[in-house]
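Okay, structure first, notes after.
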Amino acid sequence: MSTGQQLIRERTERTEWFLKDRFGMFIHWGLYAIPARGEWVRSTEQLSIEDYQPYFDEFDPVDYDPKAWAKAAKQAGMKYAVLTAKHHDGFCLFDSKLTEYKATNTKAGRDLVSEFLEAFRAEGLKVGLYYSLIDWYHEDYPAYGDRIHPMRNNEAFKRDPATFDRYLAYMHGQIRELLTDYGKLDVMWFDFSYDDMRKDKWKSEELMEMIRSLQPHIIIDNRLEGSGHQGGSIYTDNPTTYAGDFASPEQIIPPGGVKDQHGNPIPWEACITLNNNWGYAAADHTYKNAQTVIRKLVECVSKNGNMLLNVGPDAKGAIPKESLDILQEVGEWMSRNGASIYGCQASEFPKPDWGRYTQSGNKLYAHVMEESIGPINLVGLAGKVKRARLLADGSELFLTRPWSAEEFVADAFVNFARPEHFTFPLPDNR
Ligand code: JFZ
């Protein structure tokens, strides 16, 4: 077996749980919750370290209750969660021995990451940490001070190898801490590479050797090398060791899912915000409604993907009520219809006009998303469907045949009253 085949085989084994779980919670939380204008505020408003310092001095998350977060995630039907241990501003929610810029030294006075991990594990959820490769605080990162936007100020980003190596030692050291001191982690979410950083400039080969030796089963996103959709060699037969275990399209659901160079599906996870910000943004009330979230989750699964849905807790540590309300409603749907999500994947049948299919073994889940003037048609399913049931309550739905072959190209119909989610057991010999 070639190295590439071996890497792809290991990726397939590692991501097995991930592809079953399908739905996770992303949590963007840090000092930026205080200005409450999103997690990029230090960059977009060109704030100096001094400008940003008051938020460190003030940070006092008196309402931080990760058990409540974990309950909300579990109730929503989420199976895993990923918290920003460090975002681009460099502030660490964990008690790193390598910096003083951490929650332990704020009024919080403790390691907020370990409490998060404990609470989510206690609810039976898998746990992951987001770690920003970019660091606007560290003096050896070539984006120090007020010239911190990595895309805009390219001149400021000429790396001095000697000092950048010091940053890399810090970065590798912190990742080692996270993988050594916090028990078993399920996901490591790196963010992100740009320009020539994609080509092992993070010393990613070395980093991956360490990661795999400390936590062989952990899965990582594709942003050490690529970023967003279609980034990096995860799509090829010969991925690098740091190509990642899953692709991470952001704020989009790729039209055909995510496929390798041969058109075979690869693991992917769309990360999606509930409003239009990752970090808490007090004035942003552009929340998606629960129906949209459910439909987008169904869309991901119908294309072999996961959804990592974001919440941005406020400065005190509370998830905004608007977000909790949506999660609650999504959870009610998931408690009745989760069988059409967990362990499901793209269907062998093409997308119907009226909605989407997901499938698990011989069960075909029909997600009806359009109001209809009559029965929905099951094109190509004549003789293949044993029975139809409403998934939410198990009640029988009538399957009918077209009454005139000329009138309908479709060959089986199911009656329904409103957009709903059905299950169709298929015979084994289809
Ligand atoms: C990154 C962060 O900058 C952002 O704050 C947030 O954490 C998000 C989840 O990830 O944003 C990116 C990174 C990569 C791309 C787009 C946004 N990309 O390559 O498409």
Original post:
Looking at segment 116-130, is at least one residue hydrophobic (A, V, I, L, M, F, W, C), closer than 22 Å to GLY38 by Cα and within 16 Å of the ligand (Cβ to nearest atom)?
Top reply: yes
Subject >> Residues (modelled with pLDDT under 95 and not in a loop (DSSP other than H, G, I, E, B)) located in segment 192-222 >> reply: ASP195, ASP196, MET197, ARG198
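Given the condition at pLDDT 95 or above and either in contact with a Phe, Trp or Tyr (Cβ under 7 Å, 6 or more places away or on another chain) or closer than 30 Å to ASN238 by Cβ (or both), answer yes or no: does some residue in segment 57-70 qualify? Steps first, answer last, please.
Looking only at segment 57-70, we keep the residues that are at pLDDT 95 or above, and these are 57-70.
Filter once more, keeping what is either in contact with a Phe, Trp or Tyr (Cβ under 7 Å, 6 or more places away or on another chain) or closer than 30 Å to ASN238 by Cβ (or both): 66, 70.
Within segment 57-70, one or more residues are at pLDDT 95 or above and either in contact with a Phe, Trp or Tyr (Cβ under 7 Å, 6 or more places away or on another chain) or closer than 30 Å to ASN238 by Cβ (or both).
Just to be sure, is HIS285 at negative phi and surrounded by fewer than 15 Cβ atoms within 10 Å (Cβ to Cβ)?
On the way: at negative phi: yes; surrounded by fewer than 15 Cβ atoms within 10 Å (Cβ to Cβ): yes.
It is true that HIS285 is at negative phi and surrounded by fewer than 15 Cβ atoms within 10 Å (Cβ to Cβ).
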**OP:** Considering only segment 1-80, give the helices (runs of 4 or more DSSP H) lying wholly within it that have at least 3 residues that are of a type outside the set (S, T, N, Q) and surrounded by fewer than 21 Cβ atoms within 10 Å (Cβ to Cβ).
**Re:** 3-14, 16-21, 49-58, 66-75
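Would you mention how many residues in segment 222-257 are among the aliphatic types (A, V, I, L, M), within 13 Å of the ligand (Cβ to nearest atom) and buried (at least 24 other Cβ atoms within 10 Å of the Cβ)?
Step one: list which residues in segment 222-257 are among the aliphatic types (A, V, I, L, M), which gives 224, 234, 243, 247, 252-253.
Then keep just the ones that are within 13 Å of the ligand (Cβ to nearest atom); that gives 224, 247, 252.
Retained after the next criterion (residues that are buried (at least 24 other Cβ atoms within 10 Å of the Cβ)): 224, 247.
Within segment 222-257, residues that are among the aliphatic types (A, V, I, L, M), within 13 Å of the ligand (Cβ to nearest atom) and buried (at least 24 other Cβ atoms within 10 Å of the Cβ) number 2.
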Subject >> Breaking point among (1) touching a helix residue (DSSP H, G or I) at 6+ places or on another chain (Cβ under 8 Å); (2) within 30 Å of ASN337 (Cβ to Cβ); (3) without any contact (Cβ under 8 Å) to a residue 60 or more places away in the chain, for TYR55 >> reply: (2)
Subject >> Breaking point among (1) closer than 19 Å to TRP189 by Cα; (2) assigned to a loop (DSSP other than H, G, I, E, B); (3) at pLDDT 95 or above, for LEU117 >> reply: (2)
**OP:** With the condition kept exactly as written, say whether any residue in segment 196-209 is closer than 16 Å to GLU10 by Cα, exposed (fewer than 15 other Cβ atoms within 10 Å of the Cβ) and either free of Cβ contacts under 8 Å to residues at least 24 places away in the same chain or away from the ligand (no atom under 16 Å from the Cβ) (or both).
**Re:** yes
**OP:** Sort out for me the strands (runs of 3 or more DSSP E) sitting completely within segment 263-382 that have 1 or more residues that are more than 16 Å from the ligand (Cβ to nearest atom), free of Cβ contacts under 8 Å to residues at least 24 places away in the same chain and of a type outside the set (Ser, Thr, Tyr).
**Re:** 355-360
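Does ASP200 meet the test of being on the phi > 0 side of the Ramachandran plot and of a type in the set (Asp, Glu)? I'd like the intermediate steps shown before the answer.
Details: on the phi > 0 side of the Ramachandran plot: yes; of a type in the set (Asp, Glu): yes.
Taking the combined requirement at face value, the residue satisfies it.
The values are calculated or read from the model by the stated rules, or taken from the named source; none is laboratory data. Note that the structure is a prediction, hence the values are computed from the model and not measured. Note that each Cβ is placed from the backbone with ideal geometry, even for glycine, and that neighbours are counted across all protein chains shown.
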